[in-house]
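Data first, discussion second: the structure below is written as structure tokens.
The values are calculated or read from the model by the stated rules, or taken from the named source; none is laboratory data. No experiment lies behind these values; they were computed from the predicted model shown. Glycine also receives a Cβ, built like all others from the backbone with ideal geometry; neighbour counts cover every protein chain displayed.
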Amino acid sequence: MPRTAIAAIGTFVPERVVTNADLTRLMETSDEWITQRTGIQERRWVEPGVGAADLAEAATRQALDRAGWRPGDIEAIVFASLSPDHMFPGDGCFLNARLGLPGVPALDVRNQCSGFLYGLSVADAWIRTGTYRRVLLVGAEVHSTGLDVSTRGRDVAVIFGDGAGAALLEATDDPDRGVLAVRLHADGRHARDLWTDAPGSVYSPRSRVEDIASGATYPHMEGQKVFKHAIVRMPEVVREVLAAAGHGTADLKLLVPHQANLRIAEAVQRSLELRDDQVFNNIQRYGNTTAASIPLCLAEGAEARGLRRGDLVALAAFGAGFTWAGALLRW
Ligand SMILES: CC(C)(COP(=O)(O)OP(=O)(O)OC[C@H]1O[C@@H](n2cnc3c(N)ncnc32)[C@H](O)[C@@H]1OP(=O)(O)O)[C@@H](O)C(=O)NCCC(=O)NCCS
């Protein structure tokens, strides 16, 4: 049975840098508060009119260049995003059109911060069963157009940023390369602990003036609850994928944790007793880019740490749902 290898990763972030100091002009906050609680120094925001499909296309084209593939080499698209351009259809179809791939299937994944790993599990199953040999897996988010940037929404608004990461996945018969294990989890009892209530199909009409006034159209987060669950679930799922493949934490060359918050990533590192050189973070420059965060961080981490063929890499995510997931692969 073939395994799933990453042929190349491409990334894209909008040019506009928004620093913590910039945010102090929109809301009551401070660089000190944001840096101490989250580690974030700046994030990227799109210009008006730019959606997640735009970011995804740019990241995909970079990945195609890096892999030496043409768009026509892609046999299936998996698109993870909580911030698609429109209510429906999902951005997978918009990306399909932009890449000029009529007939190529496009699957949309709505698993928030775990979206990239949920998408990976599907793409991996397709590749291992021989359904497709070359799959585009992309995570892309535009948060900035959906944040409450007044003081009312400051706990959430300072955390999230825009960006995209695209991985080209291919079947390999190389025994020293590819995805070894993926594990997915969810606990819907916490669905309302990190969510955007409206617009939604339970409301008639779906878009209501009172929801705009009350702030129900903005994301809401029970920050401390998210924090407490994330620092338990992420180490747990890393141990789970390591155990599934018969490895221990000492074997890890690199852990790329979802970039939720630097304090969460540091707590995960401590819990797994990993050295600094075994973990890579870049939330300082991008904030939390949800489904885009793992490919964005993996691409930079692979370069910064000089990942080599066969190195053992773990990926871990936690986010809204609650959902969480882990993956283990040989680079
Ligand atoms: C959001 C988070 C940073 C808040 O930190 P916290 O220590 O829990 O802070 P609290 O929510 O208790 O708020 C502490 C105070 O800071 C204030 N505050 C919240 N956001 C602020 C901001 N951006 N700037 C300044 N003050 C802020 C609160 O209003 C509160 O003030 P009060 O004590 O006068 O009521 C933290 O809970 C967290 O990191 N949670 C995980 C979030 C996350 O990773 N989400 C992504 C999930 S994938």
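Table: residues versus (1) polar (S, T, N, Q); (2) crowded, with 17+ Cβ neighbours inside 10 Å; (3) under 20 Å from ASN261 (Cα atoms); (4) in the same structural domain as ILE77 (by TED's automatic domain parsing).
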site: GLY115; (1), (2), (3), (4): no, yes, yes, yes
site: LEU137; (1), (2), (3), (4): no, yes, no, yes
site: VAL142; (1), (2), (3), (4): no, yes, yes, yes
site: VAL156; (1), (2), (3), (4): no, yes, yes, yes
site: ILE159; (1), (2), (3), (4): no, yes, yes, yes
site: ARG183; (1), (2), (3), (4): no, yes, no, no
site: PRO199; (1), (2), (3), (4): no, no, no, no
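Run down VAL138, VAL149 and say which single residue is outside any helix (DSSP H, G or I), within 15 Å of the ligand (Cβ to nearest atom) and over 20 Å from TRP324 (Cβ atoms). Spell out how you get there, then give the answer.
Working: VAL138 fails: within 15 Å of the ligand (Cβ to nearest atom).
Exactly one residue qualifies, and that residue is VAL149.
Kindly indicate which of ALA299, ALA320 is more than 16 Å from the ligand (Cβ to nearest atom) and either under 24 Å from ALA53 (Cβ atoms) or not assigned by TED's automatic domain parsing to the domain that holds ALA186 (or both).
On the way: ALA320 fails: more than 16 Å from the ligand (Cβ to nearest atom).
Unique residue meeting the criteria: ALA299.
Please pick out the residue among LEU95, LEU82, LEU120 that is under 22 Å from GLY188 (Cα atoms), hydrophobic (A, V, I, L, M, F, W, C), more than 16 Å from the ligand (Cβ to nearest atom) and assigned by TED's automatic domain parsing to the domain that holds THR29.
On the way: LEU95 fails: under 22 Å from GLY188 (Cα atoms); LEU82 fails: more than 16 Å from the ligand (Cβ to nearest atom).
Answer to the selection: LEU120.
Identify, by number, the condition in (1) surrounded by 17 or more Cβ atoms within 10 Å (Cβ to Cβ); (2) more than 21 Å from LEU137 (Cα to Cα); (3) within 16 Å of the ligand (Cβ to nearest atom) that SER271 doesn't meet.
(1)
Tally the residues that are crowded, with 18+ Cβ neighbours inside 10 Å and free of Cβ contacts under 8 Å to residues at least 60 places away in the same chain, restricting the search to the stretch 56-84.
Qualifying residue count for the region: 2.
How about the stretch 152-169: which of its residues are within 11 Å of the ligand (Cβ to nearest atom) and either outside any loop (DSSP other than H, G, I, E, B) or over 17 Å from ILE34 (Cα atoms) (or both)? Steps first, answer last, please.
Going through the stretch 152-169, the residues within 11 Å of the ligand (Cβ to nearest atom) turn out to be 152-160.
ARG152, GLY153, ARG154, ASP155, VAL156, ALA157, PHE160, listed by residue number.
So, ARG110, is that one in contact with a helix residue (DSSP H, G or I) (Cβ under 7 Å, 6 or more places away or on another chain), surrounded by fewer than 17 Cβ atoms within 10 Å (Cβ to Cβ) and on the phi < 0 side of the Ramachandran plot or not?
Numbers: in contact with a helix residue (DSSP H, G or I) (Cβ under 7 Å, 6 or more places away or on another chain): no; surrounded by fewer than 17 Cβ atoms within 10 Å (Cβ to Cβ): yes; on the phi < 0 side of the Ramachandran plot: yes.
So ARG110 does not fit the description; no.
Residue by residue through the stretch 1-41, note down the ones that are within 16 Å of the ligand (Cβ to nearest atom) and among the hydrophobic types (A, V, I, L, M, F, W, C). Quick ask: steps written out before the conclusion?
Filtering the stretch 1-41 down to residues within 16 Å of the ligand (Cβ to nearest atom) leaves 18-41.
The answer is VAL18, ALA21, LEU23, LEU26, MET27, TRP33, ILE34, ILE40.
Residue by residue, here is whether (1) within 21 Å of the chain's Cα centre (by Cα); (2) under 25 Å from ALA265 (Cα atoms) holds:
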{"residue": "THR38", "(1), (2)": "yes, yes"}
{"residue": "VAL46", "(1), (2)": "yes, no"}
{"residue": "GLY51", "(1), (2)": "yes, no"}
{"residue": "ALA59", "(1), (2)": "yes, yes"}
{"residue": "GLY72", "(1), (2)": "no, no"}
{"residue": "ILE77", "(1), (2)": "yes, no"}
{"residue": "SER83", "(1), (2)": "yes, yes"}
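Quick one: in the stretch 38-55, of everything that is among the small types (Gly, Ala, Ser) and more than 21 Å from ILE159 (Cα to Cα), which residue is surrounded by the fewest Cβ atoms within 10 Å (Cβ to Cβ)? First the steps, then the outcome.
Initial filter on the stretch 38-55 (among the small types (Gly, Ala, Ser)): 39, 49, 51-53.
Remaining after also requiring more than 21 Å from ILE159 (Cα to Cα): 49, 53.
Details: GLY49: 7, ALA53: 26.
The extreme case among them is GLY49.
Of all helices (runs of 4 or more DSSP H) completely enclosed by the stretch 191-300, which ones contain at least 1 residues that are of a type in the set (Asp, Glu) and touching a strand residue (DSSP E or B) at 6+ places or on another chain (Cβ under 9 Å)?
In the stretch 191-300, the matching helices (runs of 4 or more DSSP H) lie at 223-244, 262-272.
Out of all the residues in the stretch 280-290, is one or more more than 16 Å from the ligand (Cβ to nearest atom) and among the hydrophobic types (A, V, I, L, M, F, W, C)? Can you show your working first?
Step one: of the stretch 280-290, the residues more than 16 Å from the ligand (Cβ to nearest atom) are 280, 285.
Now restrict to residues that are among the hydrophobic types (A, V, I, L, M, F, W, C): 280.
Scanning the stretch 280-290 turns up at least one residue that is more than 16 Å from the ligand (Cβ to nearest atom) and among the hydrophobic types (A, V, I, L, M, F, W, C).
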